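The structure appears below as structure tokens.
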Amino acid sequence: MPEISLAERGDAVREATDYGERDSARTGDDLRSAVDIGAHLLKLRKSRGLTLQEVSTLTGVSASAFSKIERNELSPTISTMQRIAQGLGVELVTLLTDQDNSVGAFGGRRSISRAGAGSRHTTGTCNNVLLCADLKNKRATPILTTVTARSPDEYPAWAKSEAEIFVMVQEGTLVVHSRLYEPLELNKGDSVYYDATTEHTWTSKGPTNAVVLWVLVDL
């Protein structure tokens, strides 16, 4: 789960890597499965009459990086999108799916995600599928992720966000790296719950990529 640096970056290459994001040169499959996040953000910013500098102040994402995301020149991480969602006062899934945020909460509501379904969001280190994304106004976001990163060095900036995270390994071996603890190795069936306000990141270990089911809980 990569994260962002809040400092303004002048160098385009440094900016892309510090945000834990990759260049927009994605595969055709990625493009077909991806939601037009840039269009979502541009429409939202314009509807609120915000300049790039103003939205940067609200979200902690540099104005130049935000502009690149709007133009789909950077593929933002889940952690970056969570920071943007919090800053703009919207739900994370609103930015990562084609759903709007107009449906209010009501008693007895539920959402079902069938096997293989979900809203896909791919970054340079993880392939994410947001589950039950149609259910609005929820504090917990369940995500199925295949971790492709093999070294913490692939994350120039580690994750840090105002949230708590629950992770359960479905396949393979996951290593959770933290600024507070020694690397934690988790195998199939293992789980961990932790405070995401401390810098952390994930890598896979072994011959196959780790597949994890995790829940991002907003504080």
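The values are calculated or read from the model by the stated rules, or taken from the named source; none is laboratory data. Model, not experiment: these values are computed from the prediction. All Cβ positions, glycine included, derive from the backbone under ideal geometry; neighbour counts span all protein chains shown. In case anyone asks, the SASA skips ligands and DNA or RNA and just uses the protein heavy atoms, side chains included. Shrake-Rupley method; radii C 1.70, N 1.55, O 1.52, S 1.80 Å.
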* Residues being more than 15 Å from Glu91 (Cα to Cα) and without any contact (Cβ under 8 Å) to a residue 24 or more places away in the chain - total across the range 114-168 -> 7
* Among the strands (runs of 3 or more DSSP E) contained in the range 147-191, which hold 1 or more residues that are under 20 Å from Thr122 (Cβ atoms) and at pLDDT 95 or above? -> 163-171, 173-178
* Asked: Say we look at the range 34-46 and pick out the residues that are modelled with pLDDT of 90 or more and open to solvent by 50 Å² or more (accessible area, probe 1.4 Å); which of these is farthest from Leu92 (Cα to Cα)?
  -> Lys46
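Let's see how each residue does on (1) within 18 Å of Ile84 (Cα to Cα); (2) open to solvent by 60 Å² or more (accessible area, probe 1.4 Å); (3) hydrophobic (A, V, I, L, M, F, W, C); (4) out of contact with any Cys (no Cβ under 9 Å at 6 or more places or on another chain):
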residue	(1), (2), (3), (4)
Gly108	no, yes, no, yes
Gly116	no, yes, no, yes
Thr148	no, no, no, no
Ser151	no, no, no, yes
Glu154	no, yes, no, yes
* To do: Look through the range 61-90, keep the residues that are part of a loop (DSSP other than H, G, I, E, B) and open to solvent by less than 20 Å² (accessible area, probe 1.4 Å), and return whichever of them is nearest to His200 (Cα to Cα).
  => Thr77
* To do: State all residues of the range 193-212 that are surrounded by fewer than 16 Cβ atoms within 10 Å (Cβ to Cβ) and assigned to a strand (DSSP E or B); if no residue qualifies, say none.
  => Tyr193, Asp195
* Is there a residue in the range 19-33 that is open to solvent by less than 40 Å² (accessible area, probe 1.4 Å), at pLDDT 90 or above and not in a loop (DSSP other than H, G, I, E, B)? -> no
* Say whether the condition of being touching a helix residue (DSSP H, G or I) at 6+ places or on another chain (Cβ under 8 Å), modelled with pLDDT of 85 or more and farther than 15 Å from Leu42 by Cβ is met by at least one residue in the range 86-103. => yes
